[in-house]
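Heads up, the thing below is written out as structure tokens.
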Amino acid sequence: MTLAEFFKENKKVALGFSGGVDSSYLLYAGLKYGAEIRPYYIKTAFQPQFEFEDAKRLAGELKADMTVIELDALKVPAVAANPADRCYHCKTALFGALKERASRDGYPVLIDGTNASDDAGDRPGMRALMELRVRSPLRECGLTKDEIRRLSKEAGLFTWDKPAYACLATRVGTDTPLTEELLGRVEGAESALFRLGFTDFRVRVFHGAARLQLKREQQGKAILESEAVLNAVRVFFDTVLLDMAGR
């Protein structure tokens with residue numbers, strides 16, 4: 001199956017939209033192939049502000065009417081407790097709310113940006129999507145991450161080379177309770193590092209400290225600019241560690 005064939009068969013779809021590489025290309029393709037596709041952005045404490053801004057920008061450039069759903073995922077006990085299968089409970093809550101809203105809006109099919117490079121394996125989030133019958137056209141059509149980046153570049157989408165960005169909850173170890181305050185500190189520390197010129201990294205919470213996982217090629221920059229890095233991150237975490245294994 002091709003995307004053209006998918007959207008020919010499914011002319012009215014709701015898209016779980018993040019503003020990332022995959023869902024952005026899927027929105028572009030749906031519009032290109034004549035589908036009535038509406039992007040829904042679920043706004044929670046797990047997404048940093050820049051992701052929301054990117055989603056609004058991309059939707060605006062494609063002249064798509066983006067619907068924003070605000071959801072407090074931390075009110076779900078099995079999400080806030082942060083167990084090993086947190087992603088299952090989170091996806092169930094988020095896509096359950098999205099499916100309900102999309103159905104009220106008259107969209108019978110719900111799709112997401114999972115691609116053929118994503119390992120279905122034993123992933124709790126994937127299980128939730130299957131249970132909710134969320135379709136994944138990129139995966140169904142065999143499109144890999146590299147192909148999606150190439151096609152996005154050809155389409156002129158600014159997201160084509162955007163680094164993969166997992167939600168903020170992934171920065172916190174299993175069974176450490178999630179709070180809006182903790183997630184906000186992680187977002188603040190990562191935003192500060194972005195402003196210093198670092199890219200494609202993670203700030204992990206490690207026994208109350210910030211553990212910086214940088215690309216090997218950027219570790220030297222962190223050491224040379226250690227005072228600036230410390231000053232930036234210490235606003236949010238008292239202790240700052242550099243993970244020499246890198247990212």
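The values are calculated or read from the model by the stated rules, or taken from the named source; none is laboratory data. Predicted model, so just to flag it, every value in this text is computed and none were measured. Don't worry about glycine lacking a Cβ; one is built from the backbone with ideal geometry, like all the others, and counts go over all protein chains shown.
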Which numbered condition in (1) of a type outside the set (A, V, I, L, M); (2) farther than 19 Å from K43 by Cβ; (3) surrounded by fewer than 19 Cβ atoms within 10 Å (Cβ to Cβ) is the only one that F198 fails? (3)
For region 109-131: of the residues being part of a helix (DSSP H, G or I) and not aliphatic (A, V, I, L, M), which is surrounded by the most Cβ atoms within 10 Å (Cβ to Cβ)? G125
For R204, are the conditions met, namely being in the same structural domain as G113 (by TED's automatic domain parsing) and either of a type outside the set (G, A, S) or assigned to a strand (DSSP E or B) (or both)? no
Members of region 107-149 found to be within 20 Å of K11 (Cα to Cα) and without any contact (Cβ under 8 Å) to a residue 24 or more places away in the chain, listed by number: R133
Among helices (runs of 4 or more DSSP H) entirely within region 41-108, at least 3 residues that are buried (at least 20 other Cβ atoms within 10 Å of the Cβ), out of contact with any Pro (no Cβ under 7 Å at 6 or more places or on another chain) and of a type in the set (A, V, I, L, M, F, W, C) occur in 86-104
In contact (Cβ under 8 Å) with a residue 40 or more places away in the chain and either under 18 Å from F46 (Cβ atoms) or among the polar types (S, T, N, Q) (or both) - does that describe any residue in region 213-225? no
